[in-house]
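The next block holds one structure in the form of structure tokens; read it before the comments.
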Amino acid sequence: MQRPKKVPLRKCVGCQQQHAKRELIRVVHTPDGAVELDLTGRKNGRGAYVCRKMDCFKLARKKKSLERALKTAIPESVFDELEFRLEGALAADGQS
Ligand SMILES: [Zn+2]
């Protein structure tokens with residue numbers, strides 16, 4: 001019997017559930033004040049995570065959870081890109 005590997009968990013700002021990092025999309029507030037999607041998970045800055053699910057994204061957007069998590073305003077373009085990625089992710093199962 002194989003012991004399951006420990007996977008890093010992060011909390012989704014939409015549903016508030018813990019999920020494996022790779023199942024989430026990271027939004028990062030960079031040291032120079034920009035807010036962007038971090039698809040590699042390696043960018044510097046404060047990060048917030050949302051599931052690769054449209055429902056979580058919509059919830060997070062509606063409740064301004066990303067704004068609160070990152071303590072900054074989220075540009076409309078970031079929401080647009082996130083939405084675009086999620087629509088893509090639903091069709092093509094998340095390859096990295
Ligand atoms: Zn979620």
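The values are calculated or read from the model by the stated rules, or taken from the named source; none is laboratory data. Every value quoted in this text rests on a predicted model; they were computed, and no experiment measured them. As a convention, Cβ positions derive from the backbone with ideal geometry for all residues, glycine included, and neighbour counts pool all protein chains shown. Calculation scope for accessible area: heavy atoms of the full protein, side chains included, ligands and nucleic acids excluded. Shrake-Rupley method; radii C 1.70, N 1.55, O 1.52, S 1.80 Å.
Listed values, structure above:
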{"quantity": "Residue in the range 44-53 that is farthest from GLN16 (Cα to Cα), counting only those that are more than 10 Å from the ligand (Cβ to nearest atom) and not polar (S, T, N, Q)", "calculated": "GLY45"}
{"quantity": "Members of the range 39-57 that are open to solvent by less than 70 Å² (accessible area, probe 1.4 Å) and assigned to a helix (DSSP H, G or I)", "calculated": "MET54, CYS56, PHE57"}
{"quantity": "Filter pass, ALA60 being open to solvent by less than 100 Å² (accessible area, probe 1.4 Å), free of Cβ contacts under 8 Å to residues at least 24 places away in the same chain and among the small types (Gly, Ala, Ser)", "calculated": "no"}
{"quantity": "Among the residues listed as GLU81, GLU36, the single one being part of a strand (DSSP E or B), open to solvent by 10 Å² or more (accessible area, probe 1.4 Å) and in contact (Cβ under 8 Å) with a residue 40 or more places away in the chain", "calculated": "GLU36"}
{"quantity": "Any hit, the range 15-24, residues being more than 16 Å from the ligand (Cβ to nearest atom), more than 19 Å from ARG85 (Cβ to Cβ) and not aromatic (Phe, Trp, Tyr)", "calculated": "no"}
{"quantity": "LEU24 vs. criteria in contact with a strand residue (DSSP E or B) (Cβ under 6 Å, 6 or more places away or on another chain), free of Cβ contacts under 8 Å to residues at least 40 places away in the same chain, of a type in the set (A, V, I, L, M, F, W, C) and open to solvent by less than 20 Å² (accessible area, probe 1.4 Å)", "calculated": "yes"}
{"quantity": "All positions within the range 63-74 that are crowded, with 18+ Cβ neighbours inside 10 Å and either of a type in the set (D, E, K, R) or not in a loop (DSSP other than H, G, I, E, B) (or both)", "calculated": "SER65, LEU66, ALA69, LEU70"}
{"quantity": "Given (1) of a type in the set (A, V, I, L, M); (2) in contact with a Gly (Cβ under 8 Å, 6 or more places away or on another chain); (3) surrounded by fewer than 16 Cβ atoms within 10 Å (Cβ to Cβ), index of the condition LEU9 fails", "calculated": "(2)"}
{"quantity": "GLN16 being modelled with pLDDT of 95 or more and either outside any strand (DSSP E or B) or open to solvent by 20 Å² or more (accessible area, probe 1.4 Å) (or both)", "calculated": "yes"}
